[in-house]
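This report concerns only the one structure given below.
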Amino acid sequence: SKLADETQKRNIEGVTFKRKNSTYKSGRHKEWMKLVHYKTAEVIIGGYRKEKFGWLLRHPETLEPLGIMELGTNSEDRKRFAQQSKPLITGEDSKYVYIEPSIRIRVKFPRYSRNGYLRTPSFQEFIS
């Protein structure tokens, strides 16, 4: 739609569409749809969470933190990461294991958060 195209040009996260005759209801339902304009980024994995799954993302040049990625991986992706990351471990603390910043991945995300992190990043593919 023209509205969707225009919001993407203006760098707006997305658009919610509803049926003309639908009334407001809280939560998700069939009469309303959200179109999200995702961005992609190449990032480095700098470590992982010990308890709940999550990869620590870093900027590929500055190594600044970009947040934690919890979405988009399957068992094969996690297995590949476990094999690649084992020899790269550089340290750990009570919550995280840190690795050498050499595993590059592509993620998609709707926007940056106020603190500069990727908001709800989702794994797309390994680059290296």
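The values are calculated or read from the model by the stated rules, or taken from the named source; none is laboratory data. All figures in this text were calculated on a predicted structure; none of them were measured in a lab. Reconstructed Cβ throughout: ideal geometry from the backbone, glycine too, with neighbour counts over all protein chains shown. What goes into the accessible areas is simple: the full protein's heavy atoms, side chains included, and nothing from ligands, DNA or RNA. Shrake-Rupley method; radii C 1.70, N 1.55, O 1.52, S 1.80 Å.
Within the stretch 20-38, is there a residue that is touching a residue at least 40 places away in the same chain (Cβ under 8 Å), of a type in the set (A, V, I, L, M), under 16 Å from S122 (Cα atoms) and assigned to a strand (DSSP E or B)? Yes, there is a match, as at least one residue in the stretch 20-38 is touching a residue at least 40 places away in the same chain (Cβ under 8 Å), of a type in the set (A, V, I, L, M), under 16 Å from S122 (Cα atoms) and assigned to a strand (DSSP E or B).
Is it the case that the stretch 80-92 has a residue that's acidic (D, E), in contact with a Phe, Trp or Tyr (Cβ under 8 Å, 6 or more places away or on another chain), assigned to a loop (DSSP other than H, G, I, E, B) and open to solvent by 30 Å² or more (accessible area, probe 1.4 Å)? Scanning the stretch 80-92 turns up no residue that is acidic (D, E), in contact with a Phe, Trp or Tyr (Cβ under 8 Å, 6 or more places away or on another chain), assigned to a loop (DSSP other than H, G, I, E, B) and open to solvent by 30 Å² or more (accessible area, probe 1.4 Å).
Across the stretch 52-63, not a single residue is classified as loosely packed, with under 13 Cβ neighbours inside 10 Å, at pLDDT below 95, in contact with a Gly (Cβ under 9 Å, 6 or more places away or on another chain) and not in a helix (DSSP H, G or I). When the stretch 93-105 is filtered for residues that are within 17 Å of R80 (Cα to Cα) and exposed (fewer than 15 other Cβ atoms within 10 Å of the Cβ), the ones remaining, listed by number, are E100, S102, R104.
Within the stretch 64-79, work out how many residues are on the phi < 0 side of the Ramachandran plot, surrounded by 13 or more Cβ atoms within 10 Å (Cβ to Cβ) and not hydrophobic (A, V, I, L, M, F, W, C).
5
Per the listing R28, R49, R19, the residue uniquely open to solvent by 40 Å² or more (accessible area, probe 1.4 Å) and under 22 Å from R111 (Cβ atoms) is R28.
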